[in-house]
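Heads up: the structure comes next, in structure tokens.
The values are calculated or read from the model by the stated rules, or taken from the named source; none is laboratory data. On a predicted model such as this, the values are computed, not experimentally measured, just so you know. Here Cβ is always computed from backbone atoms with ideal geometry, including for glycine, and neighbour counts include all displayed protein chains.
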Amino acid sequence: MTAATVTEPAVELDGITKRFPGVVANRDIHLHVAKGQIHAIVGENGAGKSTLMKILYGMQRPDEGEIRINGSPVGFHTPADAIAAGIGMVHQHFMLADNLTVLENVVLGSEPRKGGIALDFAAAHKRIKEISDAYGLGIRPDATVEELGVGDRQRVEILKVLYRGARILILDEPTAVLVPHEVEELFGNLRDLVSQGLTILFISHKLDEVLRVADAITVIRRGTTVATVDPKDVTARGLAELMVGSELPSPETRESTVTDVVALSVRGLSVLTDGRAVVDDASFDIHKGEVLGIAGVEGNGQAELVEAIMGMRACTADLLTLNGASIADWSTLRRRAGGIGYIPEDRHRHGLLLESPLWENRVLGHQTRRPNARGIWIDRAGARADTRRIVEEYDVRTPGIDVDAAALSGGNQQKLIVGREMSGDPVLLIASHPTRGVDVGAQAAIWDHLRRARAAGLAVLLISADLDELIGLSDSLKVILRGRIVADVDPATVTPEQLGSAMTGAGEGA
Ligand SMILES: Nc1ncnc2c1ncn2[C@@H]1O[C@H](COP(=O)(O)OP(=O)(O)OP(=O)(O)O)[C@@H](O)[C@H]1O
Ligand SMILES: [Mg+2]
């Protein structure tokens, strides 16, 4: 080794193997992470990234292999052991309590005690301020979490981990929920952290981002590490090819399939929360064969709009029709049976029963229809056969349809939901972040499925934080800001940068 390449290792994982029933999630993994670096880990859905990070964080025990932290071998039994060794993990699903303050969330589980009894909130307050200032996180300890946007919530999660003394941070898909300017802010924070000697492990499917922020990138393919590369020596396409182990197909050109038949019509739709209009007088049509994209920073009313159309949230509207029939008084189940497919924003809260097998999840929300039901009875055989079809067509990587949904990797859970909601020829698909957490190959496959269904007449309402996806898939594009639809944008000509600034209201009134 030359002097320039000698860096102190913070994390060394050697020969790690982890088996689950029917799958080898990790097989002879070798990963060396230098202190003071941002080290990215990329790989297809189900490649074994989260499993490896859970092993490093003491949530799971490896069957074989050695872990060294700062040069010393360790054997973690619980996350508490990992925390004691200076390792912290920010999970993809935020784990903050909305109705509590930042201070309360941060000290939950690690309360500072004075004289062994009372919580010393004054001391905690002071330390949170200190950490926030030291790393430029800009966090107010007294803010309640529900008033914070996603970017801030993520910084609170990071602060929580730093508060527990972490010097090695694991971030599993931290940018999946962030829009571009929030990603930039996060990367600024990460740079500050590593410049002060912390080490960051970072998982993402967004390869351009990985190339921009990482000091080193390790590729995992089918459970094992296949390469560690310098971002300066590789392109996003090259990385994707390393991930799948072959050359990628080129994207096809697209032509419009929009018809003049209206599938969904919305006029004057408003949603009130505590007297405030979180959706304010929204009106639009979606035609058969059309994808209407809604662009907005998370929290500007898109979730409420979707829930109102699904009948999950009270709203007022002058008109709400599907194929010409008013659906305003229909229950959610009836709207689904009437032909609305729904890919929810939060797959764990609204999309899946994690403790149930895949085939039961196939039935969820579709329990009144073929092939899952015959008359009033659930058709087990029909549901099982159709689950096998979805697993096949959507490339859901699973040992079988009897495993619980919880056993699937995040991206494979998402593919199952997309396959289910595209089943039964829906009239309208409401897709919130349809490819969140799926790898680039699977994303292209889902886009193909959507385009094919659109060509056959499907209308789609698309919400996505991925601006390339919004621009690439949408036939029409509207911007939502503080509950109001404020602009129409032409997806054929707009750039992600222009769309990003329209979303934040930059140039408003100018
Ligand atoms: N608790 C579990 N029980 C059984 N199998 C599991 C469990 N956790 C993970 N697996 C399996 O291990 C493999 C690796 O999953 P993992 O979650 O590590 O993938 P990943 O690389 O993080 O994927 P994604 O990008 O989709 O999040 C998958 O085949 C998954 O189904
Ligand atoms: Mg994962």
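Only one of the listed residues (Leu190, Leu162, Leu178, Leu169) is at pLDDT below 90 and either in contact with a Ser or Thr (Cβ under 8 Å, 6 or more places away or on another chain) or within 28 Å of Asn99 (Cα to Cα) (or both). That residue is Leu178. Per the conditions (1) in contact (Cβ under 8 Å) with a residue 60 or more places away in the chain; (2) within 12 Å of ligand 1 (Cβ to nearest atom); (3) under 19 Å from Gly382 (Cβ atoms), the sole criterion not satisfied by Val396 is (1). For Ile417, the conditions (1) surrounded by 23 or more Cβ atoms within 10 Å (Cβ to Cβ); (2) outside any helix (DSSP H, G or I); (3) out of contact with any Ser or Thr (no Cβ under 9 Å at 6 or more places or on another chain) are fulfilled apart from (2). Applying the criterion of at least 2 residues that are in contact with a Gly (Cβ under 7 Å, 6 or more places away or on another chain) and within 29 Å of Gly58 (Cα to Cα) to the helices (runs of 4 or more DSSP H) found wholly in the stretch 169-254 leaves 180-195, 236-244.
With respect to the conditions (1) in contact with a Leu (Cβ under 9 Å, 6 or more places away or on another chain); (2) away from ligand 2 (no atom under 14 Å from the Cβ), Val90 lacks only one, and its number is (2). Among the residues of the stretch 12-38, those that are in contact (Cβ under 8 Å) with a residue 60 or more places away in the chain, assigned to a strand (DSSP E or B), more than 12 Å from ligand 1 (Cβ to nearest atom) and surrounded by fewer than 22 Cβ atoms within 10 Å (Cβ to Cβ) comprise Asp28, His30, Leu31, His32, Ala34.
Inspect the stretch 406-419 for any residue being touching a helix residue (DSSP H, G or I) at 6+ places or on another chain (Cβ under 6 Å), away from ligand 2 (no atom under 16 Å from the Cβ), of a type outside the set (A, V, I, L, M, F, W, C) and more than 30 Å from His181 (Cβ to Cβ) and give the result as yes or no. Yes - at least one qualifying residue is present in the stretch 406-419. Residues of the stretch 135-149 include at least one that is touching a residue at least 60 places away in the same chain (Cβ under 8 Å), touching a helix residue (DSSP H, G or I) at 6+ places or on another chain (Cβ under 7 Å), outside any strand (DSSP E or B) and within 27 Å of Leu108 (Cα to Cα).
Scanning the stretch 159-189 for residues that are among the β-branched types (Val, Ile, Thr) and either touching a helix residue (DSSP H, G or I) at 6+ places or on another chain (Cβ under 7 Å) or surrounded by fewer than 19 Cβ atoms within 10 Å (Cβ to Cβ) (or both) turns up Ile170, Thr175, Val177, Val179, Val183.
Criterion first (crowded, with 23+ Cβ neighbours inside 10 Å and within 21 Å of the chain's Cα centre (by Cα)) does Gly411 satisfy it? Yes: the conditions hold for Gly411. Selection of the stretch 329-359 for residues being more than 17 Å from Ile417 (Cβ to Cβ) and either crowded, with 22+ Cβ neighbours inside 10 Å or touching a Pro at 6+ places or on another chain (Cβ under 7 Å) (or both) yields only Gly339. In the stretch 450-476, the residue that is farthest from Ala47 (Cα to Cα) out of those that are within 20 Å of the chain's Cα centre (by Cα) and surrounded by fewer than 19 Cβ atoms within 10 Å (Cβ to Cβ) is Gly472.
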